[in-house]
Amino acid sequence: MTISDWIMIIAVFSGPIIAVQLTRFLDSRAAAKQRKLDIFKILMSTRQYTTNWDHVMTLNRIDLEFNTKNSKERVVVEAWKAYLDLLNDKSISSEQWVTKRLDLLVDLLHKMSIVLDYSFDKTHIKNSSYSPMVHGNIENQQDAIRQGLLEVLEGKKTVQMEITNWPKQ
């Protein structure tokens, strides 16, 4: 057998193996990109509802999907760490906290948009989402109901009753 025969035999056997490995690599890369896109899309769609379960759970996935070894993705992880530090900071006033929280969230989403090849600027991210006032009203009412019920159950408040019609005997 000649060298060309051996090369042909190796090519016949290794060709399908290389093709399968390349396909698996490309599929893995596409799946990783899709997970990052899912994170970005959920955070963008819930940016007005930052206490929403999906929003919170998705924030916690950033460390899992964005790689600090990749220089483009590292900025996303760093922005997430800055945002997380603020979320856990109880030392600043409520008004300062709210303003800074919005700025850091917008910065995080902007950096994600760059990594994921979207062309959103910070103003667009900050101002172009829809949140009906009624949703905020419902959340406030539900919070007030829960708070009131908790105070009744803890014995801090009582439920007032007025009998208007005694039953006849």
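A short reminder: the numbers here are calculations on the coordinates, not readings from a lab. On a predicted model such as this, the values are computed, not experimentally measured, just so you know. Note: ideal-geometry Cβ built from the backbone for every residue, glycine included; neighbour counts use all protein chains shown.
Worth pointing out:
- Relative contact order computed over the chain (Cα-Cα under 8 Å; 6+ residues apart), in percent: 16
- Set of lysines with alpha-carbon distance to Lys41 below 16 Å, sequence-local pairs under 8 removed: Lys33, Lys111, Lys122, Lys126
- Listed residues Asn60, Asn52, Asn88, most fluctuating in the chain (Gaussian network, C-alpha, under 10 Å): Asn88
- Calculated P(r) of the chain - Cα pairs past 22 Å, %: 63
- Other residues within the sphere of radius under 13 Å centred on the Cβ of Arg61, judged by their own Cβ, net out at -1 (K and R +1, D and E -1).
- Using R0 = 30 Å, the C-beta based FRET efficiency linking Lys122 and Arg61 works out to 0.85.
- Among Leu86, Leu108, Leu22: highest mean-square fluctuation, GNM of the chain, C-alpha pairs under 10 Å: Leu22
- Counted by neighbouring Cβ atoms within 10 Å, the residues Ile163, Ile125, Ile9, Ile114 run from fewest to most as Ile163, Ile9, Ile114, Ile125.
- Within a Gaussian network of the chain (alpha carbon springs, distance under 10 Å), most fluctuating of Ala31, Ala11, Ala79: Ala11
- Mean residue ellipticity at 222 nm, helices only, the chain: -24000 deg cm²/dmol; runs of at least 4 DSSP H residues each add -39,500 (n - 2.57), and the sum is divided by the number of residues.
- Net lengthening on full extension, Ile92/Asp143 (0.36 nm per residue, minus Cα-Cα): 16.0 nm
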